[in-house]
1. Out of all the residues in the range 91-102, which are over 14 Å from GLU112 (Cβ atoms) and of a type in the set (A, V, I, L, M, F, W, C)?
2. Given ILE44, ILE35, which one is open to solvent by 80 Å² or more (accessible area, probe 1.4 Å) and either basic (Lys, Arg) or more than 23 Å from the chain's Cα centre (by Cα) (or both)?
3. Residues to consider are PHE130, PHE186; find the one that is within 30 Å of GLN55 (Cα to Cα), loosely packed, with under 10 Cβ neighbours inside 10 Å and at pLDDT below 90.
4. Looking for whichever is open to solvent by less than 80 Å² (accessible area, probe 1.4 Å), modelled with pLDDT under 95 and closer than 30 Å to LEU134 by Cβ here; the options are GLY85, GLY49. Which one fits?
5. Which number in (1) farther than 30 Å from GLN157 by Cβ; (2) open to solvent by 70 Å² or more (accessible area, probe 1.4 Å); (3) part of a loop (DSSP other than H, G, I, E, B) marks the one condition that LYS65 misses?
6. List every residue pair whose Cβ atoms sit under 8 Å apart, with the two residues 6 or more apart in sequence or on different chains, where the first one lies in the range 177-191 and is of a type in the set (Ser, Thr, Tyr) and the second, anywhere, is modelled with pLDDT of 65 or more and open to solvent by less than 90 Å² (accessible area, probe 1.4 Å).
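The values are calculated or read from the model by the stated rules, or taken from the named source; none is laboratory data. Computed from a predicted structure; not experimentally measured. Using ideal geometry, Cβ is built from the backbone for each residue, glycine included, and neighbour counts are taken over all protein chains shown. What goes into the accessible areas is simple: the full protein's heavy atoms, side chains included, and nothing from ligands, DNA or RNA. Shrake-Rupley method; radii C 1.70, N 1.55, O 1.52, S 1.80 Å.
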Amino acid sequence: MQLPQIRLQSNFIKIGLNIEHPVQEIEQPKAIQSIEQPKAIVEIKTTPGRLTIDQTKARADMDLKSVAVRIREFAQSGYSDSLKGIQRRMVQGDELMRIENKGNPLAAQGKENGEKPMKQFNIGWIPSHFSVKLNYEPAKVNIHVEPQKPIINVQVQKPIHNYTPGKTTVGVLEWNSLDIDFVNLFPEKNK
């Protein structure tokens, strides 16, 4: 036996979204930059050092004297020797005046006048220590520096920005529907 039926078939609406994504492009050009560094201004003033060496005493110690010094020394030596000679003769004259006293002044004076005195020598340094005199005035250096500031030029570049906004489109892909069907409403006659 077949029962009458009502058949319902429905479809929901189908909505479609068409999405176009946004596009963003950003480009940053490099800045245009120039840097120049001028040279510093430098002034240097130098007073040279001065070295003075006085070796007069060292040369005199080695018997390397100037003519003027030799003449002065010979004159002084001659004067001194003449005074010693005068003194010796006075003493010897006084001894001869008193010849009647004991002793033999002629023999003693002959021996004294005939022999040269023995020269004395001791260990010595030629030239003597610290006979060369040194005087040094150090050099003086004055430095004046005037620094120069760098010259910097910068030209900033704006960024290049392109933007395409996104878009969304809504559309119906399939409409809703309802199908109604009747089955076995009119039963057939029995055969």
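1. If the condition is that a residue be over 14 Å from GLU112 (Cβ atoms) and of a type in the set (A, V, I, L, M, F, W, C), then MET97, ILE99 are the ones that fit.
2. Residue meeting the stated conditions: ILE35.
3. PHE130
4. Checking each option against the conditions leaves just GLY49.
5. It is condition (2) that LYS65 fails.
6. Once the first residue is of a type in the set (Ser, Thr, Tyr) and sits in the range 177-191, its partners that are modelled with pLDDT of 65 or more and open to solvent by less than 90 Å² (accessible area, probe 1.4 Å) give SER177/SER10; SER177/ASN11.
Every residue, every condition in (1) closer than 30 Å to ARG59 by Cα; (2) among the β-branched types (Val, Ile, Thr), yes or no:
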| site | (1), (2) |
| --- | --- |
| LYS84 | yes, no |
| ASN101 | no, no |
| ILE143 | no, yes |
| PRO150 | no, no |
| HIS161 | no, no |
